[in-house]
1. Given H placed 1.01 Å from N in the peptide plane, which residues other than close sequence neighbours of Arg78 have an amide H under 5 Å from its amide H?
2. Which whole-number value in Å² is the accessible area per residue of the chain, probe 1.4 Å?
3. Ignoring ligands, DNA and RNA, what percent of the accessible area of the range 44-203 is carbon or sulfur (1.4 Å)?
4. Using Cα atoms only, what is the angle between the long axis of helix 33-43 and the major principal axis of the chain, expressed in degrees (0 to 90) to the nearest 10?
5. Determine the alpha carbon to alpha carbon distance for each of Lys31/Lys127; Lys146/Lys187; Lys112/Lys167 and list only those over 29 Å.
6. State the Cα centre-to-centre distance between the range 83-115 and the range 157-203 in whole Å.
7. Loop-only chymotrypsin sites (Phe, Trp or Tyr not before Pro) in the range 60-114, please: DSSP not H, G, I, E or B, and at most 12 other Cβ atoms within 10 Å.
8. Just one of (i) 18.0; (ii) 17.1; (iii) 19.3 is Kirkwood radius over Cα pairs in Å as worked out from the coordinates here. Which one is it?
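The values are calculated or read from the model by the stated rules, or taken from the named source; none is laboratory data. Please read all numbers here as calculations on a predicted model, not as lab measurements. For neighbour counting, all protein chains shown are included, and Cβ atoms are generated from backbone atoms with ideal geometry for every residue, glycine included. Just so you know, the surface numbers come from the protein's heavy atoms only, side chains and all, with ligands and any DNA or RNA stripped out. Shrake-Rupley method; radii C 1.70, N 1.55, O 1.52, S 1.80 Å.
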Amino acid sequence: MTEKQNSLNISTLKINTNEKNGILSIANGVKDNYKGNEIAQLHSAKPNEYTKTIRSTIESLLNCKINERVNNQYIFFRWEMPHISDVGNQYIQRESSIIALMQNAMTVADPKKIEEWIIEVMVCTTKQSALTEKDMALKARVYAGKLSHIPADILKYACNEICLKSKFFPSLAEIYEFVQPLLYYRKSLVESVSQQLISAKGL
């Protein structure tokens, strides 16, 4: 239990969670450049394993089980949460740790770091001969802005995989298509936990 918390670098900072939107906004991305870069380095090899570790740690904090539900093709489609009446008190008692976990889960990378990753993809894929160096920098900046809400480790993983497996520089739609399953897997967990925390707090 303690080992898991330490490996996830759970913060004990006081967070204002009195407003419903403050909790729900976590799922849309959390900005912390230092932590985002650290998480990308630690977990970009296997982002789904990081999601499972977060799930496991929340289970330990709440003393409950959070199950994965799959469709008839055995593809994940939602998390099955414990009944709020069984875990409401634990949510209140462990609120700061749970929020810190969710923030870590959704921490995004420094925009400059994202630009670097996009440039790496450009270098590793077929050269776009019509683009000047200035054009490439602009394109990387635009992509970084559009991808800035994606958790750092998930986006870094996607860029690494594209470098290894794609011959051509991807469109934004192709990058989104690549990250969507990973993002949905994690974001839906954070949204489910956030909703239960709100219910526990009676907001």
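1. Arg69
2. Working: 11340 Å² over 203 residues.
Value returned for the chain: 56 Å² of accessible area per residue.
3. 51
4. Around 90 degrees separate the two axes.
5. On the way: Lys31/Lys127 32 Å; Lys146/Lys187 17 Å; Lys112/Lys167 24 Å.
Cα-Cα > 29 Å for Lys31/Lys127; rest within.
6. Rounded to whole Å, the Cα centres lie 15 Å apart.
7. Numbers: sites: Tyr74, Phe76, Phe77, Trp79, Tyr91; in loops: Tyr74.
Counting only loop positions with at most 12 other Cβ atoms within 10 Å, the chymotrypsin sites (Phe, Trp or Tyr not before Pro) in the range 60-114 are Tyr74.
8. (i)
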